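What follows is one structure encoded as structure tokens, with my remarks underneath.
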Amino acid sequence: MHARPEPIGARDITIHDAFWDRYMRLVPEKMLPYQWQALNDLVPDAEPSHCIENLRIAAGEAQGHFHGFVFQDTDIAKWLEAAAYTLAWRPDPALEALADQAIELIGRAQEPDGYLDTYFTIEAPKSKFRNLRYGHELYTAGHMTEAAVAYYQVTGKRRFLDIMCRTADLICRVFRTEEFQAAYPGHEEIELALIRLYAVTGKRDYLDMAREFVDRRGVDPDYFAHEAAHPDWIPFFGQSREEPVDTKYHQCHLPVREQTAAEGHAVRAVYLLAAMADLAWEYRDESLAGACQRLYENITQRRMYITGGIGSSGVMERFTADFDLPNDAAYAESCASIGLAMFCRRMAQNTRDGRYADTMERALMNTVTAGVALTGDAFFYVNPLAVWPDNCLEDTSMAHVKPVRQKWFGCACCPPNIARTFASLGQYAVMTAPEGIWLDLFFSGRFTAKLGGQTVEIECDTGFPFEGRLTLRVHASSPAAGTIALRLPAYAQGPSVLRNGADAAPRLEKGYLYLDGPWQEDTIQYSFAMPARFVWADPRLRADVGRAAVMKGPLVYCLEQIDNGEDLAALSVDVSAGLSERYDPDLLGGTVLIRARGRRLTAPAEGPLYRDAPPAETPAELTFVPYCFWGNRGPGEMQVWTRTCS
């Protein structure tokens, strides 16, 4: 079996790119400082976090009760992970000192046996691990552990890693006792973290524990069915002891290898899938690999929005049925698309198949980017594909949809998750193995990697995603054997690859164009056409029947009220008239606008609600902007899918 390509090291890549810089620079310049203020409850008119205060209380350095969600500790964990990755490409002694300060506070809040969770330490010490369905202790430990691994990898400091090794050791002990030998997390995350912890420590116990948690799901007798009978069980989120277990919601309706559709809470599902992909490789488990592929197909062919959003229901943040993808009521949590990208990253590693990177790119460049304002201090938790601000009302079925990004959330999982994703973007962009380099995201910048035993440095220059061109300049002190693989996206038309000015004649394998070494001082010019295009949905996707979307490369476009006037639903687009493109360097940090011809339905301002004659139609010019940028020019309507006419 071939070696598994691994994401490039955080210190080995630098991205300086016209598109990605507008997000990545926000992490150190705005997001980390702003989020630190939020975690310390210092953002005026924002929902308080209580995160740092909870740690201080748990450490015995303050008095009071726990406040916030039971998983509130994860906000500081993801902030620390984002800080770690940021330090890899933008060293900052002040940021590192602040992170060290937070880590020391976490260490003081940890109990002597390694237990770490401020809710249970402060409020319910007798109820530890008694409500795994909703108590989120293992989820919290997972995010803390991922942050500790990242901080160690970037800084070389062991303090946080040692803290979380003690927690992981406790988990391995507890969940192999007779009482907990069938137990598993309600919210998956610890599985991913234990695998990462194994990778840096070499301690096999962590990897095996992750596998055990995955293998216990869906096995009779189900642990969750009897958990609530314990006297120290605590209800969360309105539960009662008698509440039946929604097994699909918790991905425990069947053993994971037998599952055929992505079910339940979307974030939990894709975190589980990411761990399954890692374990499939580590244990050479073909049945687990088959389940990953089957569930990927179900998501992408039946249950994913065109933007890479998943989890369509505003109730319980979950998957529903095949083709149930409403636009205006979409949930599509930012964290879910991040989890989808994490899963696809691992599937690309396992299979060397570019289609997984295509999906990863779709999620990152549409839903995840839309999750933060271009100012870095406001966020979307929910990512709908149509917004009419007038009906986004509290105490209605549309209450989850916000027409403007929010300063913060009581449940603030998304903002720091977005920050850690942008900070670690390089690891989604390039993967390496001793015999090859795979380029999965197109960016400007540089990276170094080992190729055929030699160190090579590669400079990248591109106009992507508005131009389909990429230039790579390869530098090595002596000839380096091996291959460089360029992803050929499904949307790319007429690809051309030149090496030192001559046709490179690459070979195509599973969505990658392979070029063979040796390499020393070489230039690769890669180009393809990616004109603006109309896209139609499967007719079984009822919300989009009779409608079309506009895309350019991986970017989904949308209509906004500021460009097209109100009542966007009254517009239709003429798909026979084609699309025109124009780059505007002054709009939204520089973007391509797409224009189309269409028509607008009109009616008198006053009159009956229902009429015996159809509304009048007038010609209209429609202007589309990238979905990822929507909502940055003030509140207003937005829609991705538009009725068609000819």
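Odds and ends about this structure:
- Environment charge of residue 249, counting only residues whose C-beta is closer than 14 Å and scoring Lys/Arg +1, Asp/Glu -1: -1
- Fully extended contour minus Cα-Cα distance, from residue 542 to residue 490, at 0.36 nm per residue: 16.3 nm
- This ranking places 316, 530, 209, 164 by how few other beta-carbon atoms lie within 10 Å of each, fewest first, which gives 316, 530, 209, 164.
- A simple spin-label model places pseudo-atoms 7 Å from Cα toward Cβ; at residue 324 and residue 239 they are separated by 2.3 nm.
- Amide H to amide H distances under 5 Å link residue 645 with 573, 574, 575, where only residues 5 or more positions off or on other chains count and H is placed in the peptide plane.
- Coil-residue chymotrypsin sites (Phe, Trp or Tyr not before Pro) of segment 505-550, DSSP, other Cβ within 10 Å capped at 15: 536
- Placing pseudo-labels 7 Å out from each Cα toward the beta carbon at residue 471 and residue 178 gives an inter-label distance of 7.2 nm.
- In sequence order, segment 525-531 has phi-based couplings of 10, 10, 9, 7, 8, 8, x Hz under the Karplus curve 6.51 cos²θ - 1.76 cosθ + 1.60, θ = phi - 60°, and Gly or Pro positions carry x.
- Cα centroid separation, segment 281-307 to segment 473-513 (Å): 28 Å
- Listed candidates [x] 69, 39, 22; [y] 43, 28, 24; [z] 38, 33, 24 - label of the one calculated as semi-axes √(5λ) of the Cα gyration tensor in Å: [z]
- Beta-bridge orientation, segment 533-645: approximately 90 percent antiparallel, per DSSP, counting only bridges with both partners inside.
- Residue 473 sits among other residues whose Cβ lies under 13 Å from its own Cβ, and their net charge, with Lys and Arg +1 and Asp and Glu -1, is -3.
- Cα centroid separation, segment 386-459 to segment 582-623: 32 Å.
- Likely footprinting exposure, 478, 496, 572, fewest C-beta neighbours within 10 Å first: 478, 496, 572
- Length gained when the stretch residue 612-residue 569 is fully extended (0.36 nm per residue, less Cα-Cα span): 13.5 nm
- Pairs beyond 21 Å (Cα-Cα), from 78/407; 248/402; 78/126: 248/402; 78/126
- Between segment 1-49 and segment 119-190, the alpha-carbon center distance in angstrom: 24 Å
- Label-point separation, residue 62 to residue 633 (7 Å along Cα→Cβ), nm: 4.2 nm
- FRET efficiency for the pair residue 42 and residue 157, taken as 1/(1 + (r/R0)^6) with r the Cβ-Cβ distance and R0 = 22 Å, rounds to 0.25.
- The trypsin sites (Lys or Arg not before Pro) of segment 525-595 that DSSP puts in a loop, and whose beta carbon has at most 16 other beta carbons within 10 Å, are 540.
- Cβ-based exposure ranking for 431, 398, in which fewest neighbours within 10 Å come first: 398, 431
- Electrostatic bookkeeping for residue 375 treats Lys and Arg as +1 and Asp and Glu as -1; over the other residues with beta carbon under 15 Å from its beta carbon, the sum is +3.
- Kyte-Doolittle at least -0.5, axis length at least 15 Å by Cα - qualifying DSSP helices, the chain: 73-89, 93-109, 137-155, 159-174, 190-201, 266-282, 334-351
FYI, it's all coordinate maths here, none of it is from the lab. Since this is a predicted model, take the numbers as computed values, not measurements. Here the Cβ is made from the backbone with ideal geometry for all residues, glycine too, and neighbour counts use every protein chain on show.
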